[in-house]
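Take a look at the structure set out below.
The values are calculated or read from the model by the stated rules, or taken from the named source; none is laboratory data. If you're wondering where the values come from, they're calculated on a predicted model, not measured in any experiment. Cβ: placed from backbone, ideal geometry, glycine included. Neighbour counts: every protein chain shown.
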Amino acid sequence: MKFKKKTSDWFELFVMPIVFFIPVIIVFYIAYFSFFGSKSANDHYAEEFYEKYQKKESNDYSYNDKLLTHKLISIDRKYGVSNQSSFNKAISNVNAFLSSASKECVLTDKEDSIKHYVSCVNNVLGNNFYYTQSVDVSNNYAIHRSDCDTNTYLMMDALRNKGIKSFMVYAPGHAFLAYRNNRGELSYQETTYNNNHGQLVNFNDNFYRKTFDRSYYTPFNDDIAINVYQALISDEAKNKVDLKALFERNKDNAFLSDWYFTYKDSTNSVNENDINFISDKLKLDITSNDKRIAIVRYLMKKGEMKKAKDLYESIDKRQCDKLCFITGSQLGYKANKLMEKIFLKYDAYMKENALGGIQRSFYNGVTFLIIGVIIFIIYVYFIVRFVKCFFNKVSFMQSTSGDVQYYLHKNGELFSFVKKIKTLSRNLAKGKKKSTMLTIVDIKFKKEDLEKIDFNENNLREKDKDIISDMIDELESNFSK
């Protein structure tokens, strides 16, 4: 008699749990990436920079009031954003960059030479500063960090040193460089690409959010860049930045008006005239969340909650920051109210890493975290059952003798024995004409009770006893190996 055996083995015990744990790992990774993807990218940029591009610190601390970067570093000191040490290191690192760009990049009279020069300077920039979201220039330049607008200041100074006209261009949530090429036409450089090594701007990329307001995608000179910069650092400034004066001088600037009305909202001084102004600006400044939040919070103070909720719904949650999240909580959104404390801790942690909490990323992370926990609980449940079965020596064996099949299943000390026969009988096969296996014996017993079974009744035969004994011996010998 030939036996066919099927038992849990060590391969199943160790490999199968690992295989089924892979989906759990994937879901938790997606959750982590949703929460901290931008931080991980910044960490990678820093690691890449210090492995490949680290430069020796420069000893050139000379200040040049003709350079935009130096002016901005000086503004940081004026408003108490940086200390003297950061001021000196920032000046030194900027001077080192400008010196390297002048030495390594050559401007010729050939066609498209300016384009190649800009590309070269951007590459030098990436060798001196790695990409991390930055607000002020001093504290970031001092440790070799820079982002879109702080890159552009550096590029403008490097090009100015060669007599190339260059400009700052703002986009919603972003900034990049514009410059005059050899034909006198404007060209555009995305300075942050490839960890600050740059490439030409591709306006078809969704990264460049579309808007009708002329404050965006318009080349600006140093004066506008300086005004905008002062608004940018206003939250960090120990000495108060006069946002009202900046706004009054630049009422058409959508970016500055965002900062001004956010400030007014924080002092509970937004009035109806402000709301009319903001509403009018939103006709063109279609991407501004800050203006919408200012109106929402004004409506809340007036008790017009339905209007406030309707407007809040129109806000792009991919750009919904701390104030936006808190506003949602104050409007009564249950998820925001439930998760507010956690989000604030998340936002504080991200701010420590030069970032900030964003509602869409936060909720994506929460969603995948919950899914991951559920999958993990299910996984643990089945793994516990699997391991329990393994160590309880659950096993199964099958034996065939002619038209008769025997099945023996062991669970702990209990055996289940099933005997089936092949039949063509219409009655036995429930009207089917083709052959089928019919169960004629189904019993449960312990090994010590085998001798008590009567093998002369209930479709049992004396030879079945020998078959069962052989199958038991085979099972037990298998587990003793």
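Odds and ends about this structure:
- Within the range 20-75, the residues that satisfy the criterion of being charged (D, E, K, R), more than 22 Å from the chain's Cα centre (by Cα) and assigned to a helix (DSSP H, G or I) are Glu51, Lys52, Lys71.
- Set Phe261, Phe255: member being crowded, with 17+ Cβ neighbours inside 10 Å and at pLDDT 95 or above: Phe261
- Cβ-Cβ under 6 Å pairs, at least 6 apart or on other chains, the range 198-213 side touching a residue at least 60 places away in the same chain (Cβ under 8 Å), far side surrounded by 12 or more Cβ atoms within 10 Å (Cβ to Cβ) and of a type in the set (A, V, I, L, M): Thr211/Ile286; Phe212/Leu284; Asp213/Ala254; Asp213/Leu284
- Pairs, first among the acidic types (Asp, Glu) in the range 435-456, second part of a strand (DSSP E or B), C-beta under 6 Å, six or more apart: Asp442/Val418
- Any helices (runs of 4 or more DSSP H) falling wholly within the range 291-358 and containing at least 2 residues that are at pLDDT 95 or above, in the same structural domain as Glu236 (by TED's automatic domain parsing) and within 20 Å of the chain's Cα centre (by Cα): none
- Residue match in the range 157-175 (condition: at pLDDT below 95 and among the hydrophobic types (A, V, I, L, M, F, W, C)): no
- Boolean, Ile226 is surrounded by 13 or more Cβ atoms within 10 Å (Cβ to Cβ), in a loop (DSSP other than H, G, I, E, B) and β-branched (Val, Ile, Thr): no
- Checking Tyr130 against (1) closer than 29 Å to Phe212 by Cα; (2) in contact with a His (Cβ under 7 Å, 6 or more places away or on another chain), the condition it does not meet: (1)
- Here the helices (runs of 4 or more DSSP H) wholly within the range 119-212 that include at least 2 residues being in contact with a Leu (Cβ under 9 Å, 6 or more places away or on another chain) and closer than 22 Å to Ser74 by Cα are 138-141, 148-160.
- Of all the criteria given as (1) among the basic types (Lys, Arg); (2) under 30 Å from Glu185 (Cα atoms); (3) in contact with a helix residue (DSSP H, G or I) (Cβ under 9 Å, 6 or more places away or on another chain); (4) not in a loop (DSSP other than H, G, I, E, B), the one not satisfied by Lys110 is (4).
- Conditions (1) closer than 30 Å to Thr152 by Cβ; (2) touching a Gly at 6+ places or on another chain (Cβ under 9 Å); (3) modelled with pLDDT of 95 or more; (4) among the hydrophobic types (A, V, I, L, M, F, W, C): number failed by Phe28: (1)
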